[in-house]
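**Student:** Got a structure here, written out as structure tokens. Questions coming.
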Amino acid sequence: MNKFFIMMAHTYKNRVKSKSFIITTIITIALIFGLSNLQSIIETFSDGEDEKKVAVITENEGWLQSLQQILATNDDLSIEAYEGSLEEAKASVEEEEHSSVVQIEEGEEGLPQATYYANQIANTGDSEPVRQALQQLKAQQVTQQADVDQETLQQISAPVNFELVALEESAKTAEELNQTRGLVYIMLFFMYFSVIMYGNMISTEVATEKSSRVMEILISSVSPVSQMFAKIIGIAFLGLTQFAIFILVGYFGIQQSMQSGEGSMLEAFGLTEVQPSTVVFAVVFFLLGYLLFATLAATLGSLVSRLEDAQQIVAPMMMLIIAAFLIAMFGLGMPEAKFITISSYFPFFTPLIMFLRVGMLDIPVWEIALSIGILVASIALLGWLGARIYRGGVLMYGKSSSLKDLKTALQLSKKEK
């Protein structure tokens, strides 16, 4: 066991001191801090911007007044009547005296139609409020011509009251479903990036040792099983270290945004009142999913002896996590679909799909236990099979990037016994 812990500590120290780990951590910290204070950052850069003046050319004073009333609540736009010609108004926009000019004319059946002029029309955030206001103005004109009462128009345009009520007592409410969706989104990305990043670390760690011929020395002193799981657990501690840093930065970033009175990132994802059981299942499925894919990555990494081949050999594993990611994203809207239920019992999909079902549906305890049991059994089976493949794979050198080499690795492992 002493050799096991030495290898585990060696893997952890080498990776935590690497430039790639430090740079990735710093960039992610900056990204998390920026997202948690996004609203404050946007307002900081938007401070000092002048109110955008929109020049309106129209012969109908009533339309101008209606347009001003509709956009009165928009603090970013100022509607002004322009007395000059259209060419003069265009020149005013080019000289930046006005941000844009709108020419409103009477079209068919006496309804307003408009043309919007600006130096650049790529930013729809400037033109869209004006377009929506003109749409409301047109609706007002149509109702006036049809002699429809204004109160009746407001009732027609008002959104319908539509409430979702689950008949089963144990079913989740709409608020709980929204909160679970936010947590599922976060876990999906955490699982996706952790498998890609840490899985590659494990496979390249093995390939690096083989390329430097260190593996020949290790094999004579430490069993292949100890080597494989020492790397898996060492990288796991590396991931926990990195995630702990991210969580602390996110916590302080959210606290700072809440102190400034802005909406926090937790509110944006609907995670203000997440059930503790959902968090527990998230941690359980995340750890089991990591162990499953990490074991697979170590097994595949033992088949190659060059770093350039490591990316190619783990490609099938990446396809599995991408498939699970896409199915889970679809399942957010249809968690009760038949294929979602079936795929939740496939070991490589279980960490994401079963967590999705647990969070969004009220499923029997035996289904959860069965999926966890299948996942644990798959990890044990893959660990046993992976150890045998690892035992022979670490002895294979040369160009090797095909899954057909699994058979060769198994044959070599038998000779070592």
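The values are calculated or read from the model by the stated rules, or taken from the named source; none is laboratory data. Here the structure is a predicted model, which means the values were calculated and not measured. When we count neighbours, we look across all protein chains shown, and the Cβ atoms used for this are built from the backbone with ideal geometry, even at glycine. Just the protein is used for accessible areas: all its heavy atoms, side chains included, with ligands, DNA and RNA removed. Shrake-Rupley method; radii C 1.70, N 1.55, O 1.52, S 1.80 Å.
**Student:** Computed FRET efficiency, Cβ-Cβ of Asn60 and Met334, R0 45 Å: what is it to the nearest 0.05?
**Tutor:** The formula returns an efficiency of 0.35 here.
**Student:** Something else about it: So how much accessible area does Tyr185 have, in Å² to the nearest 10, using a 1.4 Å probe?
**Tutor:** We get 90 Å² for Tyr185.
**Student:** Moving on to the next point. Could you state the principal axis extents of the C-alpha atoms in the stretch 84-150, from the largest down, to the nearest angstrom?
**Tutor:** Extents along the principal axes, in whole Å: 44, 26, 17.
**Student:** Of Glu83, Glu95, which has the most accessible area and how do the rest follow, probe 1.4 Å? Could you put the intermediate results ahead of the total?
**Tutor:** Details: Glu83 165, Glu95 120 Å².
These residues rank, largest area first, as Glu83, Glu95.
**Student:** Additional query: Can you send over the solvent-accessible area of Phe237, 1.4 Å probe, protein chains only, in Å² to the nearest 10?
**Tutor:** Counting only protein heavy atoms, the figure is 100 Å².
**Student:** How far apart, in nm, are two points set 7 Å out from the Cα along the Cα-to-Cβ line at Arg131 and at Ile22?
**Tutor:** So the two model labels end up 5.0 nm from each other.
**Student:** Can you tell me the relative contact order of the stretch 69-117? Whole percent, Cα pairs under 8 Å, sequence separation 6 or more.
**Tutor:** 22
**Student:** Roll a 1.4 Å probe over the protein heavy atoms and report the accessible area of Arg131 in Å², nearest 10.
**Tutor:** 120
**Student:** Same structure again: For an R0 of 35 angstrom, estimate the FRET efficiency from the Cβ-Cβ distance between Ala146 and Ala30 and round to the nearest 0.05.
**Tutor:** Values: r = 57 Å, r/R0 = 1.62.
That pair, Ala146 with Ala30, gives E of 0.05.
**Student:** Considering only protein heavy atoms, with the full assembly of protein chains and a 1.4 angstrom probe, order Ser194, Ser378, Ser20 by accessible area, largest first.
**Tutor:** Descending order: Ser20, Ser378, Ser194.
**Student:** Take each of the peptides 361-373, 316-328, 58-70, average the number of other beta-carbon atoms within 10 Å over its residues, and list them starting from the highest. Walk me through the numbers before you get to the answer.
**Tutor:** Details: 361-373: 13.8, 316-328: 17.5, 58-70: 15.8.
Averaged packing, sorted descending, gives the order 316-328, 58-70, 361-373.
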